[in-house]
Every structure is written in C-alpha cells, then in structure tokens.
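The values are calculated or read from the model by the stated rules, or taken from the named source; none is laboratory data. Note that this is a predicted model, so its numbers are computed, not measured. When we count neighbours, we look across all protein chains shown, and the Cβ atoms used for this are built from the backbone with ideal geometry, even at glycine. Remember, those area values only see protein heavy atoms, side chains included, never the ligands or the DNA or RNA. Shrake-Rupley method; radii C 1.70, N 1.55, O 1.52, S 1.80 Å.
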Amino acid sequence: MGTVTTTSLVSFSTCFLPKSLYSKTRFQFQFQLLRRPNSLLQFRNISLDRNKSSDCVRIKASSSMAAENKNKNKNVQVFDSEEDLAVSLAKYTADLSAKFGKEKGSFTVVLSGGSLIDSLRKLVEPPYVDSIEWAKWHVFWVDERVVPKDHDDSNYKLAYDGFLSQVPITTGNVYAINDALSAEGAAEDYETCLKHLTKSNILATSAATGFPKFDLMLLGMGPDGHIASLFPGHPLLKENEKWVTFIKDSPKPPPERITFTFPVINSSAYIAMVVCGAGKSSAVQTALGNNQNSDLLPVQMALAEEEFTWFLDKDATSKL
C-alpha cells in the first residue's frame, strides 16, 4: 500500500497506537505511523484526543482515499479487539435509540446477517438491556434468504436466536419477510410493507431521494466486499427504482434472496459498517486504502445521509 494523504473529514478511533505517540492533553501534530515493512500510513494535521477512561485514541483527520467522494461524512473506528468493538457498538446504537426515540417517538433499525448479530451481544446485557426503550424499536432486514424462518440460513432466525428473543421488542414491530412466497413475491411484499409504513409515518421518507429513510442500518461486509445481497459485478448494483429486489443467482448460497437496493441503503440517516477478522482485510484495504481501481466494491458504494461509521477490529485493518 502507498501513502494515504489526508484531505476530507474522516475520523479514526484506535486502541493500538504506541503510547509514545500521545499525551493526556489534546494537541495537533504530524506523524507517520509505520504498520509493517512497505506499508505506510501518513496523516497530516491530525487532531488527537486521549480517552481518559481507556487506552482508546480518537484521531480526526481528513482523508483522501480511493473514491474520495464516496468517503464524505464517513468515520473509521478501529479497535484492538472485537470485544472492544462490541462494547462501543452497543453504546453507539443505544445513543441513537435515545436520540430518535426522543425526537420522533420511534427508532427504525435495519439488521443484516452474518457476524453482525454476535457483535450486538452487549445490547442484551446491562446497562443497555434495561435502559433502552425497546418498545420504540421497529426492526427490519437489509436482506434475507428465501428460506423458512426456522431454517439455519435464515437471517431472521439468526437475529431472533442471538438478539431479538432476549429483548422486549414488540412482536408487531419486527418486520420479517413472508417466507411462504417466492423470491420475487417476497421482495414485492416487503416493498409494499415499507410503503405502507411510510404512509403511516412509522418510517420516514428522505427529502433528498424520496426513498424510505431508516434511522440506523447495522450492516456487515463479506470478504468480497459485498453488503446486503449486493455482490461485486452483479446487475442489481445498478437498480435505482425498486426499494426491494430479489436475486436468484447469489454467488454465495443459498442462491435465492431478497435485498434492499442502494437507493434505500444510501437514504439511511446513519449506517454502522461492522467488519471483523483478517479474512476481510483485503476488502477493507480496497475500500479504505490507496486503491486506484475504478470498479468500486459494493461496500464503497454505500452512503448515509447523516453519518457512515466503520467499526473495525485490528485484524480487519491488518493490510492497511
């Protein structure tokens, strides 16, 4: 990897900087951080804050990376361990729940599958399990496999077993797909459900795009850089009219799925992109490194209207 030069706002939070690089006071400085031979990260005009309650350091800088225009309003937080990440993700989610609950009386949350659900485990522990106003939550899925809800491949089952069954969210506020329908039918049915919720003002509409505006999407990324069921090079990446669509040739089994489209994903107020493990480090390198490839990964195409935050563990950033 070459040099990453800072130009537009990106925030990094890391727990593995050598302590010699910071003090207990806030200051501005210039430094070069060497991660490994032939791999240099260079930051300029950095504002660094030491978190007095931990060894976590937040670095605010401007970053000109691949697809610079796609990184506007994006934050990057890097944690020494997945455990630290899970703690921070729980607080982040709880804070947004309180914010939107106070502002509009509800909190619309979109989940994905994979390892994301395990990273939400701190939400079902004190203090959050008791302090969050779960009755205000409305839960959706960014994508779903077209299988019965009790199937091991079901994102609903994954979320129910690891999260939803342990918190008092109103049953009617959990919007799973109709697993009795075909992929095409399930996509149409889910889009109809979303449109009904926008008309009843449970789900907001983006003034900028006219698509539904979810308060928070909690997303994961595959090793190939896919998000939801939007895979590299697939024609669905260009879908710009439908809210929900279907796929029958997923390169990752099972082949039949439904998925939100990019216009819906990119109309979200906040997005948390949660990525852990060295197995995803190549995609992270492509997304956040000094990559000159004109073909963007799906994860690079994702935006948020208010703020997009990467939650990364140290292993996921090992190639940066």
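Per-residue counts of other Cβ atoms within 10 Å, averaged by peptide: what ranking do you get for 155-164, 127-136, 263-272, highest first?
Top to bottom by mean Cβ count within 10 Å: 263-272, 155-164, 127-136.
Per-residue counts of other Cβ atoms within 10 Å, averaged by peptide: what ranking do you get for 167-175, 94-102, 301-309, highest first?
301-309, 94-102, 167-175
Mind scanning Lys91/Lys238; Lys136/Lys157; Lys74/Lys280; Lys149/Lys280 and naming the pairs with a C-alpha gap bigger than 26 Å?
Correct reply: Lys91/Lys238; Lys149/Lys280.
Take the alpha carbon gyration tensor of the stretch 251-313, find the square roots of its eigenvalues, order them as a ≥ b ≥ c, and report rounded if a/c is under 1.5; if not, report prolate when a/b exceeds b/c, else oblate.
Cα axes put the stretch 251-313 in the rounded bin.
Enumerate the amide H contacts of Phe214 below 5 Å, restricted to partners 5 or more residues apart or on another chain; note that Pro and chain-start residues carry no placed amide H.
Ser268, Ala269
Take the Cα of Asp152, step 7 Å along the line toward its Cβ, and report every residue of the stretch 213-234 whose backbone nitrogen sits under 15 Å from that point.
Residues passing the 15 Å test: none.
With every protein chain in place, what's the accessible area of Cys193 (1.4 Å probe, Å², nearest 10)?
Rounded to the nearest 10, the figure is 40 Å².
Skip the ligands, DNA and RNA, and give the accessible area per residue of the stretch 140-274 with a 1.4 Å probe, whole Å².
42
Cα gyration tensor of the stretch 93-217, axes a ≥ b ≥ c as square roots of the eigenvalues: rounded (a/c below 1.5), prolate (a/b > b/c) or oblate?
Taking the square roots of the gyration eigenvalues as a ≥ b ≥ c, the stretch 93-217 is oblate.
How big is the stretch 67-167 by Rg and Dmax over its Cα atoms, in Å?
Considering the stretch 67-167 through its Cα atoms, Rg and Dmax are 14.9, 42 Å.
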